[in-house]
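Comments concern the structure below.
The values are calculated or read from the model by the stated rules, or taken from the named source; none is laboratory data. In this text, all values refer to a predicted model and were calculated from it rather than measured experimentally. Cβ atoms come from the backbone with ideal geometry, glycine included; neighbour counts cover every protein chain shown. SASA here: full protein model, heavy atoms, side chains in, ligands and nucleic acids out. Shrake-Rupley method; radii C 1.70, N 1.55, O 1.52, S 1.80 Å.
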Amino acid sequence: GRHARPAAAALPRDTAQIPVGFGTLRQEDVAIVLQPEGVHAEAFPLDESVLRTLAPDSYRTLRARLDVSRAQITQRAAMRGIRSPQVWFLRFYGLAPDARFVPTDITVSSAGREFRPFDVIPISAGFGTQRLQPRETQTGLLLFEEGLDVSQPLVVTMGSERNTDWDGILRRIDAERAAIRGRAGAKAPRP
């Protein structure tokens, strides 16, 4: 029928109603923060339904980041038989000299299942050293298998650090989606 368009099916649900370019959230508004020893870590899913709530410059930056790594992401997932990997953005900020960070230490629990990244793609040059100096930033992408549903509450763990903020972040994202639909509607009246 008319509403079974395969292109729409590929998008996460309710992305169709969220136009690009009307978001106002900042990356830190959607980031899950973890503070293992000597390090400030931020992680968030690069899911289209989340990205579209971000301010246009953040949206463009992160979309471009995804596009640059797309072939690599697809290839690494295919090697493991994963058709639609979940990609998360990960930023580490050094708080102490020679602080160690292990990107693969992150576990995301969703609906009673634990997801560990099956691969990591460095963005910044020193990401592979897994060492940070104070005020130094390293960024990378985490790849998870299918089934990690970012529209549900998640628990993110790193070492002994545990973060359950996603529930509250989701409420902020949902409120922003509603605001975006309002702003977009006011700007472009439908015939």
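Relative contact order, percent, of segment 14-151 when contacts are C-alpha pairs under 8 Å separated by at least 6 residues? Taking the mean separation of contacting Cα pairs over the length of segment 14-151, I get 25 percent. Annotation: amide H of Thr24 within the under-5 Å range of Ala55, sequence separation 5 or more or interchain, hydrogens built in the peptide plane. Arg65 exposes around 60 Å² of accessible area when a 1.4 Å probe is run over every protein chain in place. Once you list every other residue whose beta carbon is under 15 Å from the beta carbon of Tyr93, what net charge do they have if Lys and Arg are +1 and Asp and Glu are -1? Residues near Tyr93 contribute -2 overall. Dividing the helix sum by the residues of the chain, where each DSSP H run of 4 or more adds -39500 (n - 2.57), gives a mean residue ellipticity at 222 nm of -9500 deg cm²/dmol. All other residues whose Cβ lies under 10 angstrom from that of Thr107 are scored, Lys and Arg at +1 and Asp and Glu at -1, for a net of 0.
Annotation: segment 128-191 has a Kirkwood hydrodynamic radius of 15.8 angstrom, from the mean reciprocal C-alpha pair distance. Between Arg100 and Thr164, the modelled label-to-label distance comes to 2.9 nm, taking each label 7 Å out from Cα in the direction of the beta carbon. Just checking the listed ones, Gly21, Gly81, Gly126: in the Gaussian network model of the chain with Cα springs under 10 Å, the one fluctuating most is Gly81. In the full protein context, the chain carries 54 Å² of accessible surface per residue, based on a 1.4 Å probe and ignoring ligands, DNA and RNA.
Given the alternatives (i) 12.3; (ii) 10.9; (iii) 15.7, mean projected area of the Cα convex hull in nm² as computed for this entry is given by (i).
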